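The values are calculated or read from the model by the stated rules, or taken from the named source; none is laboratory data. Small disclaimer: the values here were computed from a predicted structure and weren't measured. Counting neighbours? That spans all protein chains shown, and the Cβs are built from the backbone with ideal geometry, glycine included. Just the protein is used for accessible areas: all its heavy atoms, side chains included, with ligands, DNA and RNA removed. Shrake-Rupley method; radii C 1.70, N 1.55, O 1.52, S 1.80 Å.
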Amino acid sequence: MGGLALLVLGLPRLLPKGALRFARGLPTTIMMRGMYSAAFFGVNSFIPLMLTQVKQFGTAEAGIALTTGALGWSAGAYLQSRSGYPAEKLLRIGAAAVLVGVLGTMLTALPLVSGWIAVPAWIVGGLGMGISVTTVGVTMLRQSPEAEQGKNSAAMQVMDTLGSALAIGVGGALINLIGHAPAQISTGFVVIALLMGAVSLAAVVIASRVRT
């Protein structure tokens, strides 16, 4: 609790003014980085647990699902670099792809669904991250005065780390609370995926606020 209190007190000093209320332009751009990281890594961190403990995958097989996410990420970054779409549209597309990936991976919790569905689902999720993370970085630099680019880059990295850390921490707490038997892990994974899906959906809605 003490750490959370210090976070609440200190975070506004590390972010642009208006970031915590998603003010238009740069503040929302930086906050979006944390939302994407939370949604993606909040699920990514528990895919191996789900596949090995519930679907009886070996560690190498479970690793394949995570690797495909990285491949999708690379493809998304390449597509973003070739796109002429405005930033808000790219961010909305990316968030929607992460949402599809999260919900698709959640299906592995169903008893009659193969764990291998995580592979195409996480390719889509990674694709969304490749589009989104690159767009956030480019947009942040465009919106920053030259003298403030370093400060705003640091703020973006703070949100990147904070988003993933909070999501993983919440997910771990949920797994511990619900239990570690296979059926309980499935339930916990569904709850985590639904929460991170909600974060992705919020990113879809908020994306338009990066436009000044």
| Which lysines, on any chain, are close to residue 17 with Cα under 19 Å apart, when same-chain ones fewer than 8 places away are left out? | 151
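Considering only protein heavy atoms and a probe of 1.4 Å, how much of the accessible area of the stretch 81-212 is carbon and sulfur, as a whole percent?
Looking at the stretch 81-212 in its full context, I get 70 percent from C and S.
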| Low-density loop positions, trypsin sites (Lys or Arg not before Pro), the stretch 115-212 - DSSP coil, at most 16 other Cβ in 10 Å | 211
| task | Alpha carbons only, please: Rg and Dmax for the chain, in angstrom. | result | 17.4, 56
| Candidates 30, 117, 192: whichever shows maximal mean-square fluctuation once the chain is modelled as a Gaussian network with Cα springs under 10 Å | 117
| said: Counting only helical runs of four or more DSSP H residues, what would the 222 nm mean residue ellipticity of the chain come to if each run contributes -39,500 (n - 2.57) and the total is spread over all its residues? | reply: -26500 deg cm²/dmol
| said: Taking only complete DSSP H runs, can you tell me which helices of the chain stretch 30 Å or more along their own long axis by Cα positions and average at least 1.0 on the Kyte-Doolittle scale? | reply: 118-143, 182-206
| note | Given a 1.4 Å probe, the accessible area of the chain per residue, as a whole number of Å², is 47 Å²
| Gap separating the Cα centres of the stretch 78-101 and the stretch 151-212, nearest whole Å | 19 Å
